[in-house]
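The values are calculated or read from the model by the stated rules, or taken from the named source; none is laboratory data. A quick note: this is a predicted structure, and the numbers were derived from the prediction, not measured. Glycine also receives a Cβ, built like all others from the backbone with ideal geometry; neighbour counts cover every protein chain displayed.
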Amino acid sequence: MINTSRTKPYYINPDLFFLFEKNSFCLWNYRDHEQFEIQKDLIELLIEIARDKSIPKDHPLLKDLLENNIISTTPYQDTQWGWDKLSHMFHKGTQNIPELFQKRTKEEMITDFIGFSKGYAERKSKGSPPKKSATFQLSKVEKNPQTLSFVETVKKRFTSRYFSGKSLSEKDFSTMLYYTFGNCHSGWEGISESVHLVGNRKTSPSAGGVHSIQAFVVVFAIEGIKPGLYLYDAIDHALTFIHSKADYQTLIPLMADQFYLEGLAFGVFLVSDLTKVWEKYLHSRAYREIFLDAGHLSQMLQLWATSLSHETWISGYFRDDDLMEYLQIQDETKAPLLFVGIGKGERTPLHPDMAAALKKYGR
Ligand SMILES: Cc1cc2nc3c(=O)[nH]c(=O)nc-3n(C[C@H](O)[C@H](O)[C@H](O)COP(=O)(O)O)c2cc1C
């Protein structure tokens, strides 16, 4: 019988989860970053505690559970959290990571940094070079393309939801890709060429200089380029052909039925290659950084498009598995994060069909 009337003798830590891993049953405290291999008798005891059964004070396993903060004799603090447990695990599980538990002196920090860089360089050198297939060489970009002023550009950036289907010039297309995703710097300003660098610099910052994000470019209407899906090659400033299925009717369901993408001239899926992040960062805290990288790149692309007087649309909403199949990246090492669409159209946040519907329903 479950006793609900008296105060509980023991409380179970709410920041735990269980999983089967490597032939054992593991209890994971995701707030404290602790993992324990546990046996059947301990699971049984935890179930008894969860059900509020009375436990003999001299139970041989109680001491261990109390000492390891799996249970407590006082209630755990209630935390305010508006989403599911899974998001909380990620939120707390990537904070206060063990490698930062101890404060370090400047010398220790530099030693760690060098050791870390060495380990990263070794892991990175083991990666296999990407496979090459048919490529389309993009035109060389101008050093100072004609654009709106910086202030005009940032003030004009806008999410539009009505595109005309008009083509863009290859020159503008090439400029936007190069100054957003291209390796447009020679060397690393401020660091001598004799230093072996494993990081990368672009016009946007990237956590640890990893630049894990690849640009999968879907071309609908660019002068001189066959519609299709391509991967942007940042080193050669070229497009690698993937397939030719690039029509709005295919893309709309992938993008969660957002019909207003119709009429875009092109779009870029920002896809993180997680293997690049794993080479450098061993803790999942770095999962946060890939979204931040995507934010920087997407803003840069939108600003470039705006500065060349084109309209932009951005979306983080799509049918993940279907999209990955379309991009031909059905393994778990790649993560599509955002889509930025660019084209000619009207500066309107509402597609005319949406505006009409709102009017009809009197909103
Ligand atoms: C990460 C992110 C995801 C977004 N996802 C969508 C989306 O799925 N569909 C959409 O129509 N707009 C999307 N937007 C655009 C926002 O709705 C838009 O930025 C916001 O309404 C403000 O308008 P503005 O961009 O014109 O300033 C997204 C924006 C960001 C930054």
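Brief remarks follow.
- Flag for K132 being closer than 30 Å to Y232 by Cα and at pLDDT below 95: yes
- Matching option when the condition is closer than 23 Å to D233 by Cβ, within 23 Å of the chain's Cα centre (by Cα) and not aliphatic (A, V, I, L, M), among K143, K124: K124
- Any hit, the range 340-353, residues being surrounded by 13 or more Cβ atoms within 10 Å (Cβ to Cβ), away from the ligand (no atom under 16 Å from the Cβ) and either of a type in the set (D, E) or modelled with pLDDT of 95 or more (or both): yes
- Just one of the listed residues (G182, G190) is at pLDDT 95 or above and surrounded by fewer than 23 Cβ atoms within 10 Å (Cβ to Cβ), namely G182.
- Note on the range 287-311: among residues that are more than 8 Å from the ligand (Cβ to nearest atom) and hydroxyl-bearing (S, T, Y), the one that is nearest to Q95 (Cα to Cα) is Y287.
- Of everything in the range 142-158 that is among the β-branched types (V, I, T) and within 11 Å of T306 (Cβ to Cβ), the residue that is farthest from the ligand (Cβ to nearest atom) is T147.
- Residue that is surrounded by the fewest Cβ atoms within 10 Å (Cβ to Cβ) [pool: residues in the range 243-261 that are within 16 Å of the ligand (Cβ to nearest atom) and of a type in the set (A, V, I, L, M)]: A256
- Inter-residue pairs, beta-carbon under 7 Å, first over 11 Å from I12 (Cα atoms) and modelled with pLDDT of 95 or more and in the range 43-69, second surrounded by fewer than 10 Cβ atoms within 10 Å (Cβ to Cβ) and among the hydrophobic types (A, V, I, L, M, F, W, C), 6+ apart: none
Listed here are the residues, each with its yes/no results for (1) in the same structural domain as S125 (by TED's automatic domain parsing); (2) part of a strand (DSSP E or B).
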residue: F173; (1), (2): yes, no
residue: S192; (1), (2): no, no
residue: V217; (1), (2): yes, yes
residue: T240; (1), (2): yes, yes
residue: Q249; (1), (2): yes, no
residue: G263; (1), (2): yes, no
residue: G267; (1), (2): yes, yes
residue: L270; (1), (2): yes, yes
residue: E279; (1), (2): yes, no
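- Of all residues in the range 193-229, exactly one satisfies the criterion of being under 21 Å from the mean Cα position of the chain (by Cα), among the charged types (D, E, K, R) and modelled with pLDDT of 95 or more, namely K202.
- Failed item, numbered, when T111 is tested on (1) surrounded by 11 or more Cβ atoms within 10 Å (Cβ to Cβ); (2) within 18 Å of W278 (Cα to Cα); (3) without any contact (Cβ under 8 Å) to a residue 60 or more places away in the chain: (2)
- Test result for K103, surrounded by 11 or more Cβ atoms within 10 Å (Cβ to Cβ), modelled with pLDDT of 85 or more, assigned to a loop (DSSP other than H, G, I, E, B) and not assigned by TED's automatic domain parsing to the domain that holds H243: no
- Test result for G316, out of contact with any Asp or Glu (no Cβ under 8 Å at 6 or more places or on another chain), within 11 Å of the ligand (Cβ to nearest atom) and without any contact (Cβ under 8 Å) to a residue 60 or more places away in the chain: yes
- When S169, S212, S206 are checked against the criterion of being over 26 Å from Q328 (Cα atoms) and either of a type in the set (S, T, N, Q) or within 16 Å of the ligand (Cβ to nearest atom) (or both), a single residue qualifies: S169.
- The range 315-335: number of residues that are in a strand (DSSP E or B) and either buried (at least 20 other Cβ atoms within 10 Å of the Cβ) or small (G, A, S) (or both): 2
- Counting only residues that are crowded, with 23+ Cβ neighbours inside 10 Å and farther than 13 Å from Q214 by Cα, the range 290-300 holds 0 of them.
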